[in-house]
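Remarks on the structure that follows.
Every number in this text was worked out from the coordinates using simple rules, so none of it is lab data. What you see is a predicted model; the values in this text were computed from it and never measured. So basically every Cβ, Gly included, is an ideal-geometry build from the backbone, and we count neighbours across all protein chains shown.
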Amino acid sequence: MDVKRPLRFTYDPPVPLNLWGFAAITVPLVATPGASTAVVLRNSLAGGVKSGVATAIGANTGSICYGLLTAFGVALALQRWPAVWVALRVAGTVYLAWLGLRSLRAAFTYVGTDANGAAALERPSWARSVRDGFVTNVLNPSLATFYLLIVPQFIPRGAPPVSSTLTLTAFHVSLALAWHLTWAAAGGTLSQTLSRTRPRRILEGISGVALIGLAVKLLLG
């Protein structure tokens, strides 16, 4: 006579994420001024805190998109077609160079409110600020590399890939958004002072050179 053995249910605890190790990589990357930080600062100086906040929202929406792509396995597909990385680098370079040239043009043509009551340069709209931030991050190969190649390295074997990736994405976006909002507040606070012709032209010139320098670095890196 066969004796039935009682069913045993085993519980495997979830594999913890190495958030401390991830933070050690993420914090320096977020705190290093890059393309998204430059665009947030530029738009906040041009349009105040609201424009800076809108740019920050757009930039971090781009990060969320990469997080979703990584979570659902697109990273594996991109590794099989390296040409995608080349296209991304070229597109990002062109866009940053275009933003830089736009700033350089403003450095020579901007007329502030101190010039016989002349109207200041048109402030960027909320929609354009969101677009500037989003496109800058989406076309940034450094961000793509971070999400598609580095983030998966912090997902332990046996951990659920989707929820783990989304957790790491939320961690990164929270840090980056706080950093960008800090720059937006700083730029917005100075926007009134820097709305005068001479300071604003100097600032636009510096921004233009910085953005073009980032474009060259992106192209050569």
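Things worth noting here:
- Note on N18 and A31: their simple-model spin labels are 2.1 nm apart, each label 7 Å out from Cα toward Cβ.
- What the pair-distance distribution of the stretch 150-210 shows, using all Cα-Cα distances binned every 5 Å from zero, is 4, 15, 14, 14, 10, 9, 9, 9, 8, 5, 3, 1 percent.
- Here the calculated FRET efficiency for T189 and A87, from their Cβ-Cβ distance with R0 = 45 Å, stands at 0.70, rounded to the nearest 0.05.
- Inter-label distance, W126 to A178: 2.6 nm, where each label sits 7 Å from its Cα along the C-beta direction.
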